[in-house]
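The values are calculated or read from the model by the stated rules, or taken from the named source; none is laboratory data. Fair warning: this is a prediction, and the values are worked out from it, not measured in the lab. Cβ sites come from the backbone with ideal geometry, for glycine too, and all protein chains shown count toward neighbours.
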Amino acid sequence: MPVKSVTVRVPAKVNLQLSVGPRESDGYHNLVTVFQAISIFDEVTVSFTPAQSGVSISITGEQTHGVPADANNLAVKAVELIAKEYDLNIDAHIEIKKAIPVAGGMAGGSADAAAAIVAIDYLYSLGMTREEMTEVASQLGSDVPFMLSGGTAIGTGHGEQLTAALSRGTYHWVLALSTVGLSTPSVYAECDRLRSESEIAEPQTNELLMQALLAADPKAVGANLINDLQAAACSLRPALRLVLDVGQEYGALGALVSGSGPTVAFLVSDEEAGLDLAVALTASGVVGSVARAYGPVAGAKILS
Ligand code: ATP
């Protein structure tokens, strides 16, 4: 009897480094980024629907606002791309139980797309190799390949060309969430507006960060977090500067805007320090809500 339904759990990410090169003629930017997958998870369940033709979707969970429940959802696009590439007729329902903040710079949409690839491979017994999944993933978005692998990885090109990073230890994070997201293209456009062409170097891996990860040294990791999009995110959302200052004042080892924001990620020394900082940030009144997480964790993984 064929499998009727499968649930895949997929994490969010933070960028420990996001170095952005000059704008290319195609409008994109070459990047060097260091991704870490962290323990905030969406669950994507894909079920066969023999009585219905095509792909349908529903969104449940804590973070539903702003998530398209139609063909614009990246999970639907992932299923449709596999149907096309593997010449399949897919009649399925996707349910996304969403916990990853939406438009928060934590790659929630990319995560759901990665989960959908893993789910369809399993449901249809496609036997896709990791390379084949990555090939489909990179057509859907630059962050999607990383959400398949998880862990800690260096991304180059537009972020989709991955090499595993040598990282030891577990890192504890406090995340200051915003109720209103930031659009990734507008943050890149603001970044281009703020920087003069002459001051933009080709991005390089931050060796101090890599050494700190290898040494399992959260203090040194905290001191070497870097995000070239931070100034742009703060320019579009000035309140983020205050959030960054407050977190550092309360003892974070390092702080940065996650990806294109507006989530602000604080690295702390351990779980207890995370709890203290979460309480302090909430009491300060400058953040809407906070979440705690640790990383690295694995990428998209079948639960049942
Ligand atoms: P990134 O860090 O990769 O730039 P992000 O975390 O800032 O992304 P997402 O949560 O991925 O942003 O959402 C960006 C936009 O993508 C949303 O505003 C929404 O319109 C659209 N979207 C499409 N599919 C999804 C999905 N499955 N979950 C969330 N948003 C989705």
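The table below gives the values:
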{"read-out": "Single condition Ile59 does not satisfy, out of (1) surrounded by fewer than 24 Cβ atoms within 10 Å (Cβ to Cβ); (2) under 16 Å from the mean Cα position of the chain (by Cα)", "value": "(2)"}
{"read-out": "Selection count where residues are of a type in the set (A, V, I, L, M), in contact (Cβ under 8 Å) with a residue 40 or more places away in the chain, part of a helix (DSSP H, G or I) and within 12 Å of the ligand (Cβ to nearest atom), scope the range 94-143", "value": "5"}
{"read-out": "Matching residues, the range 237-276, being of a type in the set (Val, Ile, Thr) and over 24 Å from Leu213 (Cα atoms)", "value": "Val243, Val246"}
{"read-out": "Candidates Val264, Val187, filtered to the one that is at pLDDT 95 or above, of a type in the set (Val, Ile, Thr) and in contact with a strand residue (DSSP E or B) (Cβ under 6 Å, 6 or more places away or on another chain)", "value": "Val264"}
{"read-out": "Test: residue in the range 276-290 that is crowded, with 24+ Cβ neighbours inside 10 Å, within 26 Å of Asp143 (Cα to Cα) and touching a strand residue (DSSP E or B) at 6+ places or on another chain (Cβ under 8 Å)", "value": "no"}
{"read-out": "Complete set of residues in the range 72-93 that are within 10 Å of the ligand (Cβ to nearest atom) and without any contact (Cβ under 8 Å) to a residue 60 or more places away in the chain", "value": "Asn72, Asn73, Ala75, Val76"}
{"read-out": "Residue match in the range 82-93 (condition: closer than 30 Å to Trp173 by Cα and either in a loop (DSSP other than H, G, I, E, B) or of a type in the set (A, V, I, L, M) (or both))", "value": "no"}
{"read-out": "Filtered residues of the range 243-258 (kept if touching a Ser or Thr at 6+ places or on another chain (Cβ under 9 Å), under 23 Å from Tyr188 (Cα atoms) and outside any strand (DSSP E or B))", "value": "Val243"}
{"read-out": "Those residues of the range 42-68 which are in a loop (DSSP other than H, G, I, E, B), farther than 20 Å from Ala12 by Cα and of a type outside the set (Val, Ile, Thr), in sequence order", "value": "Pro50, Ala51, Gln52, Ser53, Gly54"}
{"read-out": "Residue that is modelled with pLDDT under 95, away from the ligand (no atom under 11 Å from the Cβ) and of a type in the set (Gly, Ala, Ser), where the choices are Ser56, Ser25, Ser39", "value": "Ser25"}
{"read-out": "Members of the range 12-37 found to be of a type in the set (Gly, Ala, Ser) and either more than 9 Å from Asn227 (Cβ to Cβ) or buried (at least 24 other Cβ atoms within 10 Å of the Cβ) (or both), listed by number", "value": "Ala12, Gly21, Ser25, Gly27, Ala37"}
{"read-out": "Ser186 vs. criteria assigned to a helix (DSSP H, G or I) and within 19 Å of the chain's Cα centre (by Cα)", "value": "yes"}
{"read-out": "Subset of the range 144-157 (residues that are outside any helix (DSSP H, G or I) and under 14 Å from the mean Cα position of the chain (by Cα))", "value": "Gly150, Gly151, Thr152, Ala153, Ile154, Gly155"}
{"read-out": "Count of residues meeting criterion [surrounded by fewer than 20 Cβ atoms within 10 Å (Cβ to Cβ), out of contact with any helix residue (DSSP H, G or I) (no Cβ under 7 Å at 6 or more places or on another chain) and not in a helix (DSSP H, G or I)] in the range 262-275", "value": "1"}
{"read-out": "Top-ranked residue in the range 1-22 [being hydrophobic (A, V, I, L, M, F, W, C) and at pLDDT below 95; ranked as nearest to the ligand (Cβ to nearest atom)]", "value": "Val3"}
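Yes/no matrix, rows are residues, columns are (1) under 30 Å from Thr156 (Cα atoms); (2) more than 16 Å from the ligand (Cβ to nearest atom); (3) assigned by TED's automatic domain parsing to the domain that holds Phe41:
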residue	(1), (2), (3)
Glu197	yes, yes, no
Asp217	yes, yes, no
Ala231	yes, yes, no
Leu240	yes, no, no
Ser260	yes, no, no
Val264	yes, no, no
Ala273	no, yes, no
